[in-house]
Structures are given as structure tokens and as C-alpha cells.
1. Round to the nearest 0.05 the FRET efficiency obtained for Val100 and Glu350 when R0 = 56 Å and r is the Cβ-Cβ distance.
2. Near Ala457, within a Cβ-to-Cβ distance under 12 Å, what is the net charge of the other residues, with Lys and Arg +1 and Asp and Glu -1?
3. Between Ala407 and Thr149, how many nm apart are label points set 7 Å from Cα along the C-beta direction?
4. Going by the alpha-carbon gyration tensor, a ≥ b ≥ c the square roots of its eigenvalues, is region 421-499 rounded (a/c under 1.5) or, if a/c is not under 1.5, prolate (a/b greater than b/c) versus oblate?
5. Using alpha carbon centroids, what distance separates region 285-310 and region 402-470, in Å?
6. Once a ≥ b ≥ c are taken as the square roots of the eigenvalues of the Cα gyration tensor of region 332-461, is the result rounded (a/c under 1.5), prolate (a/b larger than b/c) or oblate (a/b not larger than b/c)?
7. Using the Kirkwood radius built from alpha carbon pairs, what does the Stokes-Einstein equation give as D for region 107-182 at 10 °C and 1.306 mPa s, in µm² per second?
8. Using only the Cα atoms of region 277-334, build the gyration tensor, take square roots of its eigenvalues as a ≥ b ≥ c, and label the shape rounded, prolate or oblate: rounded if a/c is under 1.5, else prolate if a/b is larger than b/c, else oblate.
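The values are calculated or read from the model by the stated rules, or taken from the named source; none is laboratory data. Keep in mind that this is a model prediction, so the values were computed, not measured. Cβ placement follows ideal geometry from the backbone for every residue including glycine, while neighbour counts extend to all protein chains displayed. SASA here: full protein model, heavy atoms, side chains in, ligands and nucleic acids out. Shrake-Rupley method; radii C 1.70, N 1.55, O 1.52, S 1.80 Å.
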Amino acid sequence: MKPISNRLPDAARLRVRPVLVLAAAMLAGCNPRPDAGPVVVSVIGKGAIMADSARGTLGLPARVMADSLAQGLVRFDNQGQIAPGLAERWTVLDNGESYVFRLREANWSDGKRVTAADVVTILNRQIAAQSRNPLAPFLSAIDEIVEMTPEVIEVRLKRPRPDLLSLFAQPELAIVRQRPPGGTGPFRLAAGKGRFQTLTPAFDPVLAAAEDVDPPGPEQDVLIVAERAARALARFTSRQSDLILGGTFVDWPLASAAGIAPANLRLDPAAGLFGLAVVDRSGFLATVENRAAVAQAIDRAALVAAFAAGWQGTEQLLPAQLDAATLPARPDWVATPADQRRAVARAAVERWRTAHGGAAPQVRIALPAGPGATVLFGFVGASLSAIGIEPVRVALAAPADLRLIDAVAPYDSARWYLALACQLCSEEARANIAAARDANDLSTRAVFLAQADRALAADQAFIPLARPLRWSVVALRLARWQPNARAWHPLNQLRRAPT
């Protein structure tokens with residue numbers, strides 16, 4: 001690979017090698033741990049493992065813990081499908097403008113019975129306009145939530161939303177009481193062991209009433225810890241843990257080099273966004289032509305091939321039609337052979353250089369820290385250098401021209417993709433996204449979503465690269481672990497139920 005920039009810090013290049021050597025030296029294999037005792041789980045990520053979604057975006061460790069200690073009206077099962085949570089069943093009325101939920105019998109952590117009034121109060125707090133809950137902007141269609149009986153609540157909408165259940169299944173909308181704090185399970189927090197938190201199955205009055213259900217044993221407990229990928233991999237390869245959750249492209253080189261057996265290293269077919277959003281439209285990226293030059297120049301096939309087998313690149317924003325009126329928009333240059341794309345991109349750069357005294361344009365690319373991000377910058381930077389652009393790597397939160405977005409979709413709507421990709425897009429795209437949000441019927445909404453998709457593609461305000469790369473390391477004893485599009489794995493659905 002050609003050198004991409006003398007601005008890639010030496011420390012960033014040198015930091016990768018010793019970590020990879022350490023990972024490669026680990027002893028690995030698929031020799032299973034005994035199927036007895038608690039399940040030991042490492043969650044890759046930073047931030048407090050116990051956090052409040054009302055105070056802002058949760059890190060993955062906190063999201064996993066929230067999903068374990070509390071549940072929403074519904075939740076995701078081990079296949080990423082909607083399953084009952086606090087609601088044992090639900091009915092959709094008035095063409096999708098009303099959702100009626102019947103609550104099951106459940107207790108708070110102090111033994112007090114959960115009531116519809118409790119749930120209504122908590123949900124109203126979570127979706128309030130001033131809430132810092134990251135899902136609040138996607139819940140604007142909710143008009144009111146009311147208690148119908150002590151066991152039944154109704155969610156009334158201003159306009160139909162067929163994707164509402166997927167939002168209610170997110171950990172950020174888990175039903176958590178503030179005073180005294182706590183949820184309804186499926187786990188309770190027990191005494192910790194060192195850096196680990198211990199989760200033990202919560203009392204379930206419905207299961208407790210069944211005569212043929214034995215009390216939970218130690219094998220139903222979970223020991224969970226948040227830690228760096230290198231430490232998690234070392235723990236697994238020394239047979240001290242059963243599961244690693246939360247792997248992304250950032251740490252993929254560590255997992256790949258650690259020698260994990262193929263039976264244990266698992267990928268999710270995650271739906272979502274992985275690409276570069278335009279966040280500064282001055283300088284070289286001020287014109288559509290130049291933004292298109294960057295998008296055309298990147299060799300996606302080489303990029304994804306450097307990571308996991310089967311990871312596929314993409315040039316389109318939407319993965320499928322979803323709830324838009326037409327198939328996903330694709331840039332005009334997609335059908336052009338790669339060598340011609342690069343020639344067109346190089347010509348655009350030459351025109352810019354001629355107009356600016358011959359200086360090569362700089363493009364600042366904001367990326368997270370980590371070996372996978374260094375590999376990503378290497379391939380993207382090489383592609384840009386080949387057409388005459390000087391790439392400069394900056395920290396993810398630093399001022400930049402392009403910023404990486406790597407996110408799994410919480411629900412299957414084109415609006416989520418478009419709203420997230422539109423960091424700094426055209427007025428036409430923004431207007432159509434807003435119109436789709438406020439549309440009073442699904443067919444009108446679908447038209448606006450399709451128009452917004454076309455406007456974003458024409459504006460070249462987001463450069464798709466691939467779909468999110470999500471990986472786990474799974475012991476063979478966890479027979480119920482299933483790959484899924486949500487990349488979500490409930491801790492109470494890992495082992496087969498005892499027979």
C-alpha cells in the first residue's frame with residue numbers, strides 16, 4: 001500500500017503492532033468450558049455499566065445491563081424479534097394509531113406489584129420532549145399514554161407508526177422506577193465479585209405459580225464485566241469466560257489475530273450505517289462534484305476484504321426499500337467501472353488544485369481510536385491519496401470534514417437511516433425528512449422518505465462504505481446464542497433451559 005500521509009501519527013502506527021502480537025500469542029480453540037456454574041460475560045466498551053438513559057446516550061455495557069435488570073413493554077429475543085416484556089400481549093387499532101398493551105403480573109425489586117399507572121408515569125418521563133433519551137426524537141408521533149385499567153395501557157399516536165414496537169424494545173425504554181430504583185428483571189443485581197457484577201434471575205410470579213418449574217440454580221446466574229477487547233479476548237482464550245459481546249470493526253484485528261476458533265467467533269448480519277458523513281461543507285467538500293470525487297475514489301472491495309470474510313461494501317445509504325416508496329437511491333457513478341471512477345475523481349481534484357494555486361486539498365477524517373480504525377484510515381487514505389487528496393486523521397470528536405458513523409439500526413425505517421446520515425445535508429433532503437416525520441398516513445410518508453433518499457444521494461452528503469461489522473465470541477455451551485440483524489443478545493437467552 002502506498003504511504004497515505006505523513007500526518008498519520010507515529011504513535012498510532014506503533015500502537016497496533018504490540019497489541020496484535022499479544023493477541024496472536026494467546027492460546028485459543030473451541031474446547032468448551034464445563035456447562036456448569038454462572039455464565040461469564042465480557043462486554044466491550046467504556047463508561048459506567050450502571051447508567052440512566054434519561055441522562056443521555058448509554059454505552060453498550062450500560063445497555064446490556066439495563067436490558068438485564070429491566071424490560072420494556074416488549075423486548076428483543078435472541079433472534080432480534082419482538083417478544084413480550086412487561087406486556088403479555090398487545091393489539092394495534094385504528095390503522096396503527098393506537099397500541100393497547102395488557103400488562104402481565106410482575107413485581108418491582110422490592111416485591112411491590114407493577115401497575116399500569118407506574119408504567120404510564122415512567123414512559124411519559126422517558127419520551128418527554130426535554131428528555132435526553134436518545135430515542136426521544138423518534139417518538140414524536142406519540143400523542144399520549146393513558147391508563148385504561150390497572151392492567152391495561154393505551155399508547156395513542158398522532159399518526160401511524162408501524163415500527164413503534166421495535167422502539168419500545170430498546171433498553172433506553174426499559175421500565176425503570178426511580179424511587180426506589182429498579183426494574184422488573186429478568187435479572188436482579190446481587191453481590192459483585194471483584195470487577196464483575198453478579199446477576200441472578202428475578203422472582204417471576206407467573207413462573208413461580210407453575211408447579212413444574214424448579215427454582216433457578218447457580219448455572220442461571222451471570223457474571224458480567226465491562227472491559228477492553230484485548231482483556232476480554234485474553235480472558236476467553238484462557239477459558240475464564242463464556243461470551244464476549246460488543247465487538248466492532250475497531251477491535252476486529254485483535255479478534256482476528258487471537259486465533260479464536262471459527263466455531264466461537266461469530267458475526268451478526270447487522271443492519272445499520274457504516275460510512276462517512278460530511279460535517280464541513282467548506283473547502284474541498286463545498287461542491288457536490290468534489291464530494292462525489294471522494295465517494296468514487298474509495299476502494300470498498302479492498303477495504304472490507306482487509307477485515308472479515310463475508311463483510312460486504314455498499315454504495316447506497318438504505319439497505320433495502322424498507323418503508324420508502326421506491327427502491328434505494330444509488331449515486332449516478334455506481335455503474336461506472338472503478339478505473340473510470342478514479343479518473344473522474346482525479347480530474348475533479350486537478351480542477352480544484354488549478355483554482356487554488358496548485359495546493360493539494362486536505363480532507364480531515366474523524367475516526368475512533370483503535371487498530372481497526374487505523375486499518376480503515378489506511379485504506380480510505382490510500383484511495384484519497386491516489387487521486388491527489390491529502391487525508392488527515394483526527395479524533396472522532398475533533399473538528400473534521402468527514403466523520404465516521406457506525407451504528408446499528410434500532411428499527412427498520414428509512415427515516416432512521418436518513419436522519420442519522422443527514423449530519424450536514426441539503427435543504428431539500430432535510431425538508432423531506434421532516435415531512436416524512438410529520439406525514440399523517442403511511443403512503444405519504446413513504447413518498448417523502450423516497451424523495452429524501454434521492455436528495456441525499458444527489459447531494460453526496462453521506463458516503464456509505466458497508467454495513468456495521470459486529471462480532472461476538474461465544475462458548476459452545478451457549479447454544480441459544482443466535483446471530484441477528486439487531487446484533488442484540490439477551491443474557492437470559494443464552495443457555496438451553498434445563499430438561
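1. 0.35
2. In short, -2.
3. 4.0
4. In terms of gyration-tensor shape, prolate.
5. 19
6. prolate
7. Answer, rounded: 120 µm²/s.
8. oblate
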